[in-house]
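The values are calculated or read from the model by the stated rules, or taken from the named source; none is laboratory data. The shown structure was predicted, so the numbers you read here are calculated from the model rather than taken from an experiment. Please note: Cβ atoms are built from the backbone with ideal geometry, for glycine as well, and neighbour counts cover all protein chains shown. Keep in mind that these areas ignore ligands, DNA and RNA; they rest on the heavy atoms of the full protein, side chains included. Shrake-Rupley method; radii C 1.70, N 1.55, O 1.52, S 1.80 Å.
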Amino acid sequence: MSYNVTQTQLSAEAAARAAADTKEAAARTVAVNSLDGRLKIIEPEVASLLLRTTALETSMTLALKLLRGYVGAPLPPPLIIPPPPPITNPPPPPTITPTPPWSGPIVVTTNGVTLDGLTITAPYSASGDDGRTGTGIYCSASAAAPIDHLTIKNCIISGFESAIFLYYVTNLIIEDCILTDCDYAGIGIFSGIGGTLQRNTIQRIGYTRTNFGTWKGNNAYGIITDHSTISGNLTLDPLSANILVDSNTIEDVPLWMGLNTHGGQNITFSNNTVRRCPRAIFIASDTGGVNHPHNVYVTGNTLQEAVHKAGGTPDTEGVLIASLNGGSIIGNKISNTFGAPGYQDYGGASTGVAISGNTMTSP
């Protein structure tokens, strides 16, 4: 088989190819023109973006330089605060020497006084019948104008006739004191209305006395609440009332009593420890038996080792009450050295007194 191609046919094919090439070239030109148009639109946006980027970089660089202290004056050196000076021990509390009897190194004459951390020591020996006089802290006002809101705390008092002796006080606080080696009383409150005596340690009261021919006789007290009975007028000399005696330690009062109230009203003796006293707790009428105690509560106390010395009372009682009207003796631990049952109603005249839960201990 053979093919015969004429000149006319070749010419037609060449013309068709030329037309196709021309059409393709025209299409490319249109595409290029279109792309060039789009680039002309995009170019300003790219230029603006580049400007913003440059500005941002400049701002960040400036901020970094400012932070690093590279711009302007150099930053001051860091402030160094020196450490505080070491804390030294505070100076010891003042030691005050006594003045004549019953005037005391500290005499309180105004309301709202706080005595904190004082050491008051009399220049007397701790042994022998050395005629101790005066009182460490003293006040005497009147029933019409009592000393109000007196606070005595953290004080050490030693060597006086009495450590603390106060007449006509209201809203009294005596706490955390150490009262030792006095002849008559650790704490004496006369016509005191409202108060708290707590966490005090009282030791060796009347411990060395051998002369019983003075007004004191053989009387000595760890803590006493009373009234003066000088006038016999309860308006002028009110009975002590509304006093809490709590968590005190009374030791070595071998002549007379550890805790006492004469004619007290609403008195509470609670959680105290009394050691080596012939009468640990005594609740009685005032002098002459005129005004009886009312509502006195004896609870949770520990009474140990009944002891007495020559010249003192020969009686030993854990809790002794006399003509008490209302109150309680509850939950006390009483040494068997006081003798069972550990409490006694002298004269059998007390009324309305609840007694329960007391135990005898050894010694």
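What the table below lists for this structure:
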{"read-out": "Close pairs from segment 292-316: first basic (Lys, Arg), partner open to solvent by less than 40 Å² (accessible area, probe 1.4 Å) and part of a loop (DSSP other than H, G, I, E, B), Cβ under 8 Å, at least 6 apart", "value": "309/254; 309/255"}
{"read-out": "Hits in segment 209-220 (condition: open to solvent by less than 30 Å² (accessible area, probe 1.4 Å) and within 14 Å of residue 253 (Cβ to Cβ))", "value": "209, 216, 220"}
{"read-out": "Counted residues, segment 96-150 - those being in a loop (DSSP other than H, G, I, E, B), polar (S, T, N, Q) and at pLDDT below 90", "value": "6"}
{"read-out": "Every pair of residues 6+ apart whose Cβ atoms lie under 9 Å, when the first sits in segment 277-291 and is open to solvent by less than 10 Å² (accessible area, probe 1.4 Å) while the second is part of a loop (DSSP other than H, G, I, E, B) and among the aromatic types (Phe, Trp, Tyr)", "value": "277/256; 278/256"}
{"read-out": "Search result, residues across segment 286-321 that are part of a strand (DSSP E or B) and within 33 Å of the chain's Cα centre (by Cα)", "value": "294, 295, 296, 297, 298, 299, 302, 303, 304, 318, 319"}
{"read-out": "Odd one out for residue 267, checked against (1) modelled with pLDDT of 95 or more; (2) over 23 Å from residue 315 (Cα atoms); (3) out of contact with any Gly (no Cβ under 9 Å at 6 or more places or on another chain)", "value": "(3)"}
{"read-out": "Segment 221-272, residues that are without any contact (Cβ under 8 Å) to a residue 12 or more places away in the chain and β-branched (Val, Ile, Thr)", "value": "230"}
{"read-out": "Among (1) open to solvent by 20 Å² or more (accessible area, probe 1.4 Å); (2) more than 23 Å from residue 277 (Cβ to Cβ); (3) not in a loop (DSSP other than H, G, I, E, B) - the single one residue 203 does not satisfy", "value": "(2)"}
{"read-out": "Members of segment 188-213 that are modelled with pLDDT of 95 or more and under 15 Å from residue 133 (Cα atoms)", "value": "188, 205"}
{"read-out": "Residues located in segment 322-343, provided they are in a strand (DSSP E or B) and touching a Gly at 6+ places or on another chain (Cβ under 8 Å)", "value": "325, 326, 327, 330, 334, 335, 343"}
{"read-out": "Checking residue 319 against (1) at pLDDT below 95; (2) within 25 Å of residue 191 (Cα to Cα); (3) not acidic (Asp, Glu), the condition it does not meet", "value": "(1)"}
{"read-out": "Selection from segment 241-265 of residues that are open to solvent by 20 Å² or more (accessible area, probe 1.4 Å) and more than 22 Å from residue 279 (Cβ to Cβ)", "value": "242"}
{"read-out": "Count of segment 266-276 residues which are under 20 Å from residue 167 (Cα atoms) and open to solvent by 30 Å² or more (accessible area, probe 1.4 Å)", "value": "2"}
{"read-out": "Subset of segment 221-240 (residues that are touching a Leu at 6+ places or on another chain (Cβ under 7 Å) and either at pLDDT 95 or above or surrounded by fewer than 19 Cβ atoms within 10 Å (Cβ to Cβ) (or both))", "value": "222, 223"}
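Residue-wise test of (1) more than 20 Å from residue 221 (Cβ to Cβ); (2) surrounded by 19 or more Cβ atoms within 10 Å (Cβ to Cβ).
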residue: 293; (1), (2): no, yes
residue: 301; (1), (2): no, yes
residue: 312; (1), (2): no, yes
residue: 326; (1), (2): yes, no
residue: 329; (1), (2): no, yes
residue: 334; (1), (2): no, yes
residue: 340; (1), (2): yes, no
residue: 346; (1), (2): no, no
residue: 353; (1), (2): yes, yes
